[in-house]
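The values are calculated or read from the model by the stated rules, or taken from the named source; none is laboratory data. Keep in mind it's a predicted model, so treat the numbers as computed, not measured. Because the Cβ atoms are built from the backbone with ideal geometry, glycine has one as well, and the counts that use them run over all protein chains shown.
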Ligand SMILES: Cc1ncc(COP(=O)(O)O)c(C=O)c1O
């Protein structure tokens, strides 16, 4: 089998932020200022000479960064005047506030509602704003298929059996390498390859809870979190999430002090559905709090690769010296939907997770693991990720601009720094379950707010997916949605 020493890849990997070109980094920094509103639409950017002096970069770096931002449609050049942040046709919609400050405890019963929403996504003619995936056209599926062919031909008869227990060795090395680049040194024994992140998350929860236990989750939370709790007969303590800053630590601290919480299941970066990413200090404080209470964290980080900035966000796992964090990742959202390959860095529970997996599903498909391992080594993963992130960033801008054109001015919307979801808070009187039905009748899907809550909150909210190339039908669908929202 043709194997390159995987550590060689690390030194030449474009993932390494140090290897990113200076002008790309500089462009990303400016894009972040535009996204967060520090540089407002219509505002003039510093002249090349001024920017070069202020930021200590060469004039050609500034030029190249401005060209890049112009090609991404974020700024425009005006003859003899300089560069300006692109004007929106409309004032941008405001961001939502945190939902509520207090935590809520409850039994979980959401599955029927979730299945009815998921069922609506099967029709390929429906505008897929309710989908959980980006467009398949954004994935390198043909290149992956070549990797699949190559890897399966090269697979040794021994590996076909042996990889079932340990997972594909190359794949585990490649995943460990990516952790290393984002600042987490991981012993290979900690990594368990799973059938997507969802299996990993299930196994983690099973390791540290028994039926009837309390688990802290986010409000709003990814709906499968609620379904897993429902299946395992666990009770949810819903902790409010700030749309920009993430988990409300005061509320979590209060719940940990009052209640016998057995585990936390949180997304510290690009939270689904809000897109919130905690800052590094916030993550450190979360870890310190959990460490004080010795409560394990199941960190769901499936959108980790879809950040828009120049640096990958650090997971809470990067602060973990005690094996208290089980960090779950996946290739479903960024490379290979349907291959069902995910993993967990299981901390002190790694061996228990591995045994539980052997007792349930045994192993993800060995050829699928081998295909992804081959692609990671030879397929140009980082190049693909850069393209994907840029496509998603520009599609986000299109959906935000379209929402500002068509939705009522009192609608609030998040501005996540990555991923492919926007969370909309419509005027109070809008019932998103009814909105879902009315929109579906017009061929538009969406994910209504109550499927993201154990207590069916977020009635006037919805998650919309911007993971598909923006086109005239997308624009028409937003206009139609706006009209339906207006009719409440
Ligand atoms: C937040 C979150 N966690 C986990 C998953 C499951 O990932 P996988 O497809 O790898 O099982 C998803 C997929 O929708 C998700 O959105």
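Among the residues examined, residue 260 does not qualify as touching a residue at least 60 places away in the same chain (Cβ under 8 Å) and over 16 Å from residue 303 (Cα atoms).
For the stretch 365-374, the tally of residues that are away from the ligand (no atom under 16 Å from the Cβ) and surrounded by 18 or more Cβ atoms within 10 Å (Cβ to Cβ) stands at 4. From the set of residues in the stretch 204-222 that are surrounded by fewer than 24 Cβ atoms within 10 Å (Cβ to Cβ) and within 16 Å of the ligand (Cβ to nearest atom), which is farthest from residue 351 (Cα to Cα)? Result: 222. Against the test of being within 16 Å of the ligand (Cβ to nearest atom), in a loop (DSSP other than H, G, I, E, B) and in contact with a strand residue (DSSP E or B) (Cβ under 6 Å, 6 or more places away or on another chain), the options 270, 229 yield a single qualifying residue, 270.
The number of residues in the stretch 109-119 being more than 16 Å from the ligand (Cβ to nearest atom) and assigned to a loop (DSSP other than H, G, I, E, B) comes to 1.
For the stretch 347-364, the tally of residues that are outside any helix (DSSP H, G or I) and surrounded by 23 or more Cβ atoms within 10 Å (Cβ to Cβ) stands at 1. Within the stretch 237-267, being part of a loop (DSSP other than H, G, I, E, B), more than 19 Å from residue 223 (Cβ to Cβ) and modelled with pLDDT of 95 or more holds for 248, 259, 260. In the condition set (1) without any contact (Cβ under 8 Å) to a residue 60 or more places away in the chain; (2) over 25 Å from the mean Cα position of the chain (by Cα); (3) surrounded by fewer than 15 Cβ atoms within 10 Å (Cβ to Cβ), residue 431 is compliant with all but (3). One residue alone among 167, 212, 183, 196 is without any contact (Cβ under 8 Å) to a residue 60 or more places away in the chain and in the same structural domain as residue 336 (by TED's automatic domain parsing), and that residue is 212.
Can you find a residue that is at pLDDT below 95, more than 24 Å from residue 262 (Cβ to Cβ) and within 16 Å of the ligand (Cβ to nearest atom) anywhere in the stretch 346-364? Among the residues of the stretch 346-364, at least one is at pLDDT below 95, more than 24 Å from residue 262 (Cβ to Cβ) and within 16 Å of the ligand (Cβ to nearest atom), which makes the answer yes. The number of residues in the stretch 296-324 being out of contact with any strand residue (DSSP E or B) (no Cβ under 7 Å at 6 or more places or on another chain), closer than 18 Å to residue 177 by Cα and touching a residue at least 60 places away in the same chain (Cβ under 8 Å) comes to 5. Would you confirm whether any residue within the stretch 285-296 is in the same structural domain as residue 188 (by TED's automatic domain parsing) and within 15 Å of the ligand (Cβ to nearest atom)? The answer is no, given that none of the residues of the stretch 285-296 is in the same structural domain as residue 188 (by TED's automatic domain parsing) and within 15 Å of the ligand (Cβ to nearest atom). If you go through the stretch 120-140 and keep only what is assigned to a helix (DSSP H, G or I) and more than 16 Å from the ligand (Cβ to nearest atom), you end up with just 137. Of all residues in the stretch 280-331, those that are over 15 Å from the mean Cα position of the chain (by Cα) and assigned to a loop (DSSP other than H, G, I, E, B) total 9.
Which residues, taken from the stretch 317-341, are within 16 Å of the ligand (Cβ to nearest atom) and surrounded by fewer than 24 Cβ atoms within 10 Å (Cβ to Cβ)? Those that are within 16 Å of the ligand (Cβ to nearest atom) and surrounded by fewer than 24 Cβ atoms within 10 Å (Cβ to Cβ): 332, 334, 335, 336, 337, 338, 339, 340.
Of all the listed residues (144, 201), the sole one being under 20 Å from residue 375 (Cα atoms), within 16 Å of the ligand (Cβ to nearest atom) and touching a residue at least 40 places away in the same chain (Cβ under 8 Å) is 144.
Number of residues in the stretch 25-60 that are assigned to a helix (DSSP H, G or I), in contact (Cβ under 8 Å) with a residue 24 or more places away in the chain and within 30 Å of the chain's Cα centre (by Cα): the value is 10.
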